[in-house]
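Working notes, beginning with the structure itself.
The values are calculated or read from the model by the stated rules, or taken from the named source; none is laboratory data. Everything numeric in this text was worked out from a predicted model, so none of it was measured. A quick note on method: Cβ atoms are made from the backbone with ideal geometry, for glycine too, and the neighbour counts reach across all protein chains shown. Remember, those area values only see protein heavy atoms, side chains included, never the ligands or the DNA or RNA. Shrake-Rupley method; radii C 1.70, N 1.55, O 1.52, S 1.80 Å.
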There are 8 protein chains.
Amino acid sequence: MKKETGILVSVVMGSDSDLPIMKEAVNILKEFGIPHEVLLTSAHRSPERTSSFAGEAAERGVKVIIVGAGAAAHLAGVIASQTHLPVIGVPIDATSLGGLDALLSTVQMPGGIPVATMAIGKAGARNAAIMAVRILALKDDGLREKLNDYVANMAKEIEKKQKNLN
Amino acid sequence: MKKETGILVSVVMGSDSDLPIMKEAVNILKEFGIPHEVLLTSAHRSPERTSSFAGEAAERGVKVIIVGAGAAAHLAGVIASQTHLPVIGVPIDATSLGGLDALLSTVQMPGGIPVATMAIGKAGARNAAIMAVRILALKDDGLREKLNDYVANMAKEIEKKQKNLN
Amino acid sequence: MKKETGILVSVVMGSDSDLPIMKEAVNILKEFGIPHEVLLTSAHRSPERTSSFAGEAAERGVKVIIVGAGAAAHLAGVIASQTHLPVIGVPIDATSLGGLDALLSTVQMPGGIPVATMAIGKAGARNAAIMAVRILALKDDGLREKLNDYVANMAKEIEKKQKNLN
Amino acid sequence: MKKETGILVSVVMGSDSDLPIMKEAVNILKEFGIPHEVLLTSAHRSPERTSSFAGEAAERGVKVIIVGAGAAAHLAGVIASQTHLPVIGVPIDATSLGGLDALLSTVQMPGGIPVATMAIGKAGARNAAIMAVRILALKDDGLREKLNDYVANMAKEIEKKQKNLN
Amino acid sequence: MKKETGILVSVVMGSDSDLPIMKEAVNILKEFGIPHEVLLTSAHRSPERTSSFAGEAAERGVKVIIVGAGAAAHLAGVIASQTHLPVIGVPIDATSLGGLDALLSTVQMPGGIPVATMAIGKAGARNAAIMAVRILALKDDGLREKLNDYVANMAKEIEKKQKNLN
Amino acid sequence: MKKETGILVSVVMGSDSDLPIMKEAVNILKEFGIPHEVLLTSAHRSPERTSSFAGEAAERGVKVIIVGAGAAAHLAGVIASQTHLPVIGVPIDATSLGGLDALLSTVQMPGGIPVATMAIGKAGARNAAIMAVRILALKDDGLREKLNDYVANMAKEIEKKQKNLN
Amino acid sequence: MKKETGILVSVVMGSDSDLPIMKEAVNILKEFGIPHEVLLTSAHRSPERTSSFAGEAAERGVKVIIVGAGAAAHLAGVIASQTHLPVIGVPIDATSLGGLDALLSTVQMPGGIPVATMAIGKAGARNAAIMAVRILALKDDGLREKLNDYVANMAKEIEKKQKNLN
Amino acid sequence: MKKETGILVSVVMGSDSDLPIMKEAVNILKEFGIPHEVLLTSAHRSPERTSSFAGEAAERGVKVIIVGAGAAAHLAGVIASQTHLPVIGVPIDATSLGGLDALLSTVQMPGGIPVATMAIGKAGARNAAIMAVRILALKDDGLREKLNDYVANMAKEIEKKQKNLN
């Protein structure tokens, strides 16, 4: 496992076919200048690797874990059960059911072990990163300002697009 | 973990609230005289207990594992990823979604790690036990005969009920 | 709006009929000793009250906002769009659709404004509080220990119940 | 915000990617000669802009507001909560769930604040405009006649197509 | 058909078993002092009665038609195809599918003939009446004021309930 | 309406965009030599044309009516309510919901007026024609033989394809 | 199998727990004076009994087969594949999925073997019998008149209920 | 039917259009060196062929039957009702409903006759073969070792892909 000093957010996914979706999270983290890592591990095909990662993340200094998975998406829940860090789940549309399977497998966690579930797909991946930023910004004033700018920019973007409409 | 000699089938569930459903499996196993055990372990609330169970089941002599779980039902998949035994999953209707969440979380396993999924609820629990019997009967002629009797009885039962209808 | 000093978590809901569900979150927060408040405000029936709350929460010292809502559950998203704090959404089963409407209205947020969505109903309310604790524990070692105890207790609870089964 | 005199219908959407769908509404409004405007504003990314629009629409002389939105489509409900004008919602198929998320987020409004929901997508956008015409025609005899002609033409169109079939 | 002078809103339903739901609409109309009628007619079991009603409603002075129906809920669409008045549909949960059948049968109208669809069940019935009021208030200042009071009261109600919570 | 002598089956559809699907029914009817007609009429856009057709079909000698429609598919139910002939419905996948809307709108008819619903799309259109043949064959021995041949051919076809597999 | 002379309609079901639903069909058949039989046979638990029934029904003089089944409702399709008679399927709500499983298992028949599917549950059972009557009435003028009376009575019933409303 | 000596697994499908999916199962069986056959038979279009196959499979020495089918997927259940061998079902996405119809038709088997259901589509086909291997490995140590290697390779594959990511 890639051990960089100062990593704050781990972006984990179950298959490299999830990368085009999870890149959206990575790009936001880059935009906000958050040190992060990208990890591949499967709840089912590499359970030990998943356990090691989950068990060691906190002591490696990671603060938030973002997990993308499709189908019977167990990865976020399995990681959440082995760490006390906040885990954010991104359901991925990887089967013929439009991601409903991944959504329900991620969000319907039984009481005790939460997964903070985002929307299915790219919007969810982007929002996972922003949620991580919101959490980190609780003790980082610089980040909070960047977040305010980001939000302000979204509103300005809409006004700009309105002008192009007219 | 209850270690009886000769246990062939483990009936595992994530919560004792699943017991009224999984009892249906236990009753069938009793009816067929299959040595079995009933275990409580959660994918999320007791991940280490789950891993120990899954990792040791085969060497303890268990041949088939039946797993009942509701909501984001990860337990069957998590066990299946840590044993080479056939794992049979019973989705349980434990939330407001009628068991659709448990069904999709159990059945939509990604390629590599199969869970033999049964119907939601009691019918599924009964069938899980019968599927275990079908598997064990492959090398047990006595069991195969009992299975044939069981099936023949179901047909006779229908004819009896027909008579009551008339 | 009830302004207590030191409130860290706001538990917000759209209707007092949501209280039996959201009480589950409140109880967990009490168990962990987290200063909190319970607020009633509706995205649709009291939009100004909702905006004031969302706009002022951060400066009042609130760190995490938990929002429960049913039907076309807009409340979490509407609050999330007016604060930079992490917002956790609990979909409530308040219509004939089993909470699927509330789940999709809460989780399918478009890119830019995340809502950390939990399971539908009581399990989700409990997990919302635990997610809040996980976030707060990032900078509170005492809380992290309580969290570890909580998790350890869940595992012990299962072993105790196993004994009762046997 | 584009302030034209005499605007009767506002066609509002959350993202410029919704324009190809909402154009269908605009075209019908043009066909019926209804003065209208096209506005871009998001419930989540520009909440203040949305509030200003909703709060001022009635006094600007707008009579009906048509709102298109996808995913967790909160825009129509949020606008409806800040105006007494009739609001017509068009759910847009913008995610992997075929628009079911947008439909439920738009239609399942809690009691008190209605959104007149149309079909998902282009048919819904067309019908939103015709519904606006039906409302405006209540006090405009000329419009009622155009509406009657429009309906009569649909029936004639079918007879014409029948001839081409034969 | 009950022909009262001055009726502005018809509340139509396909079966008298829908009355407990549609009463919610009637009560709101009474609260706002809107002259209304309650009619029973089925798209399938009394098609001619339905056609007569739909064809004559406008000339009888009716301004808005509210239609409640369950199962394959065709009634709102069938009426909308035979009048130029705005038709508001209330899907009713009358089968084992939780009203999803009635919702889709009501809302997914093809382009040309709109039905302004409300939420499934009682909330939808209430909102149908309020939508009717919103439409009628476009040319009735007294009604608009009542509507503003109604909305203001909802917000006050929430503040009152907050006090009871504390 | 095309009035041919001896027409036994009417194939009706709500839009000419349904023709590629309904052609499958027409082809089967041709294959069995059943005199038939193809009609375009909409429940909503041409309600009078639909009523005339439904009301006169029986006296024109038609025996079975096949109806294809998509979205809020009311056409089959509306026709069934105005004739005593057997009506067979084919739900068409014409929206973003995969035909689930058309299926539920067609099949969930309230007690009293049945629509014999087939599968969504081409398989359903084919089966609608075969169902019509099964009904007509009740009093036509020649047709029954053709039907037996048709069924026998399907089985032979499978054996032929098996040979190609090997 | 109960072999009465002159039986025209077989009402078949997979389990005696389906009887309360299928009674609705039987009652309608009695009302119309159609000679009928009630049979219990399961696609899965008594496959041979099912095959014998399906294979012999036509030569026993049966004209229409009504089949009720729940869960993975294969019975109607399995019977339809072994007879050339029209088979009418009634999906029964027998699991936690509200009958959606039975509906899809009954209606989504592949091309070649149709099942005329009715609504889920009691309304569907009633309509199955009326559909059988519609088919039999094609060559029975007396039955057609009864059918016309039945339909006329439904309309009168609505007018009577209207009077009670006023 | 292709009668090879020593066949252990039958891969059965209802249509040759299912072959591209079921090839995934065949390839895994080849990889593990399991003697197998590929058979085409339909529950509905060739019911006798299906019965002969199911009835004779066990005495031909087959140990496990894998069945792929789409739409109202009855084939696995029908076969399971006529053999005491374990039957594994693969739902195939063959209609506009994304395979949900095939999944429910396969998995929701009533108590008594189990079908071990896999995920929809290719992942399910692969897993069906692996489940067959897990069952056969219960009495074949060589196979168990291959299975362990297979699982170990999946984990290694992930580590390899991780390196390519970095």
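For the range G:33-76, name all the residues that are over 26 Å from G:Arg134 (Cα atoms) and hydrophobic (A, V, I, L, M, F, W, C). Quick ask: steps written out before the conclusion?
First, the residues of the range G:33-76 that are over 26 Å from G:Arg134 (Cα atoms): G:42-49, G:51-52, G:71-72.
Hits for the range G:33-76 are G:Ala43, G:Ala71, G:Ala72.
Is it the case, given these coordinates, that D:Val12 is within 26 Å of D:Leu104 (Cβ to Cβ), surrounded by 18 or more Cβ atoms within 10 Å (Cβ to Cβ) and of a type outside the set (Phe, Trp, Tyr)?
So D:Val12 passes the test.
Within the range D:156-163, identify whether any single residue is without any contact (Cβ under 8 Å) to a residue 60 or more places away in the chain and either under 22 Å from the mean Cα position of the chain (by Cα) or closer than 17 Å to E:Leu85 by Cβ (or both), and answer yes or no. Even if it seems obvious, please write down each step before you answer.
Here is the first cut: in the range D:156-163, the ones without any contact (Cβ under 8 Å) to a residue 60 or more places away in the chain are D:156-163.
This time we only want the ones that are either under 22 Å from the mean Cα position of the chain (by Cα) or closer than 17 Å to E:Leu85 by Cβ (or both), so: none.
The answer is no; no qualifying residue exists.
Given (1) β-branched (Val, Ile, Thr); (2) buried (at least 21 other Cβ atoms within 10 Å of the Cβ); (3) more than 27 Å from G:Ile120 (Cβ to Cβ), where does E:Val26 come up short, assuming only one miss?
Exception for E:Val26: condition (2).
Just checking, how many residues over the range D:100-123 are in a loop (DSSP other than H, G, I, E, B) and either hydroxyl-bearing (Ser, Thr, Tyr) or buried (at least 24 other Cβ atoms within 10 Å of the Cβ) (or both)? Before you say what the answer is, go through the steps one by one.
In the first step, residues of the range D:100-123 are kept if they are in a loop (DSSP other than H, G, I, E, B); the result is D:108-115, D:118-121.
Next, from what is left, pick out any that are either hydroxyl-bearing (Ser, Thr, Tyr) or buried (at least 24 other Cβ atoms within 10 Å of the Cβ) (or both): D:108-110, D:113-115, D:118-121.
Result for the range D:100-123: 10.
Quick one: in the range G:146-166, which of the residues that are more than 8 Å from chain F (Cβ to nearest Cβ) and among the aliphatic types (A, V, I, L, M) is nearest to G:Ile7 (Cα to Cα)?
G:Ala152
Would you check which residues across the range C:63-80 are under 21 Å from A:Asp141 (Cα atoms) and open to solvent by 10 Å² or more (accessible area, probe 1.4 Å) and list them?
If the condition is that a residue be under 21 Å from A:Asp141 (Cα atoms) and open to solvent by 10 Å² or more (accessible area, probe 1.4 Å), then C:Lys63 is the only one that fits.
Among the residues that make up the range H:62-76, is at least one of them closer than 26 Å to B:Ala25 by Cβ and within 9 Å of chain B (Cβ to nearest Cβ)?
Taking every residue of the range H:62-76 in turn, at least one turns out to be closer than 26 Å to B:Ala25 by Cβ and within 9 Å of chain B (Cβ to nearest Cβ).
All but one of (1) open to solvent by 10 Å² or more (accessible area, probe 1.4 Å); (2) free of Cβ contacts under 8 Å to residues at least 12 places away in the same chain; (3) under 23 Å from F:Val151 (Cα atoms) hold for H:Ser46, so report the exception by its number.
With (1) open to solvent by 10 Å² or more (accessible area, probe 1.4 Å); (2) free of Cβ contacts under 8 Å to residues at least 12 places away in the same chain; (3) under 23 Å from F:Val151 (Cα atoms) applied to H:Ser46, the lone miss is (1).
Between a residue in the range F:55-69 that is without any contact (Cβ under 8 Å) to a residue 40 or more places away in the chain and any residue that is open to solvent by less than 30 Å² (accessible area, probe 1.4 Å), which pairs come within a Cβ distance under 6 Å, given they are 6 or more apart or on different chains?
So the pair list comes out as F:Ala58/F:Thr83; F:Ala58/F:Leu85.
Conditions first: (1) open to solvent by less than 30 Å² (accessible area, probe 1.4 Å); (2) out of contact with any Lys or Arg (no Cβ under 7 Å at 6 or more places or on another chain); (3) among the hydrophobic types (A, V, I, L, M, F, W, C). E:Ala152 passes all but one, so which condition is the exception?
Among (1) open to solvent by less than 30 Å² (accessible area, probe 1.4 Å); (2) out of contact with any Lys or Arg (no Cβ under 7 Å at 6 or more places or on another chain); (3) among the hydrophobic types (A, V, I, L, M, F, W, C), E:Ala152 violates only (1).
Please go through the range A:26-52 and give me each residue that is touching a helix residue (DSSP H, G or I) at 6+ places or on another chain (Cβ under 7 Å) and more than 14 Å from chain H (Cβ to nearest Cβ), ordered by number.
A:Ile28, A:Leu29, A:Phe32, A:Ile34
For the range G:90-99, what are the residues that are touching a residue at least 12 places away in the same chain (Cβ under 8 Å), facing another protein chain (nearest Cβ under 7 Å) and open to solvent by 20 Å² or more (accessible area, probe 1.4 Å)?
In the first step, residues of the range G:90-99 are kept if they are touching a residue at least 12 places away in the same chain (Cβ under 8 Å); the result is G:90-95, G:98-99.
Now drop any that are not facing another protein chain (nearest Cβ under 7 Å), which leaves G:93, G:95, G:98-99.
Once the filter is applied, which keeps residues that are touching a residue at least 12 places away in the same chain (Cβ under 8 Å), facing another protein chain (nearest Cβ under 7 Å) and open to solvent by 20 Å² or more (accessible area, probe 1.4 Å), the range G:90-99 yields G:Asp93, G:Thr95.
Hey, among A:Arg134, A:Arg144, A:Arg60, A:Arg126, which residue is basic (Lys, Arg), under 30 Å from C:Ala152 (Cβ atoms) and open to solvent by 40 Å² or more (accessible area, probe 1.4 Å)? Walk me through how you get there before you give the answer.
Values: A:Arg134 fails: open to solvent by 40 Å² or more (accessible area, probe 1.4 Å); A:Arg144 fails: under 30 Å from C:Ala152 (Cβ atoms); A:Arg126 fails: under 30 Å from C:Ala152 (Cβ atoms).
Exactly one of A:Arg134, A:Arg144, A:Arg60, A:Arg126 is basic (Lys, Arg), under 30 Å from C:Ala152 (Cβ atoms) and open to solvent by 40 Å² or more (accessible area, probe 1.4 Å), namely A:Arg60.
E:Ile7 is checked against (1) within 11 Å of chain G (Cβ to nearest Cβ); (2) among the aliphatic types (A, V, I, L, M); (3) in contact with an Asp or Glu (Cβ under 7 Å, 6 or more places away or on another chain) and fails just one. What number does that condition carry?
Answer for E:Ile7: the failing condition is (1).
Go through (1) within 8 Å of another protein chain (Cβ to nearest Cβ); (2) among the hydrophobic types (A, V, I, L, M, F, W, C); (3) assigned to a helix (DSSP H, G or I) for C:Leu143 and report which single condition fails.
If we test C:Leu143 against (1) within 8 Å of another protein chain (Cβ to nearest Cβ); (2) among the hydrophobic types (A, V, I, L, M, F, W, C); (3) assigned to a helix (DSSP H, G or I), just (1) comes out false.
Tell me the residue from B:Val87, B:Val107 that is in contact with a Pro (Cβ under 8 Å, 6 or more places away or on another chain), within 14 Å of chain H (Cβ to nearest Cβ) and free of Cβ contacts under 8 Å to residues at least 24 places away in the same chain, please.
Numbers: B:Val87 fails: free of Cβ contacts under 8 Å to residues at least 24 places away in the same chain.
Sole residue among the options that is in contact with a Pro (Cβ under 8 Å, 6 or more places away or on another chain), within 14 Å of chain H (Cβ to nearest Cβ) and free of Cβ contacts under 8 Å to residues at least 24 places away in the same chain: B:Val107.
When residues of the range F:100-114 are filtered for being farther than 15 Å from G:Gln108 by Cα and among the hydrophobic types (A, V, I, L, M, F, W, C), how many remain?
Total satisfying the criteria: 2.
Being touching a strand residue (DSSP E or B) at 6+ places or on another chain (Cβ under 9 Å) and of a type in the set (A, V, I, L, M, F, W, C), is that true of even one residue in the range C:147-158?
We begin by selecting, within the range C:147-158, every residue touching a strand residue (DSSP E or B) at 6+ places or on another chain (Cβ under 9 Å); these are C:158.
Still in the list and also of a type in the set (A, V, I, L, M, F, W, C): C:158.
Yes, that holds for at least one residue.
Looking at C:Ala119, C:Ala102, C:Ala137, which one is closer than 16 Å to A:Leu103 by Cβ, aliphatic (A, V, I, L, M) and at the interface with chain A (Cβ under 7 Å from one of its Cβ atoms)? Don't jump to the end; show me each part of the working.
Values: C:Ala102 fails: at the interface with chain A (Cβ under 7 Å from one of its Cβ atoms); C:Ala137 fails: closer than 16 Å to A:Leu103 by Cβ.
Sole residue among the options that is closer than 16 Å to A:Leu103 by Cβ, aliphatic (A, V, I, L, M) and at the interface with chain A (Cβ under 7 Å from one of its Cβ atoms): C:Ala119.
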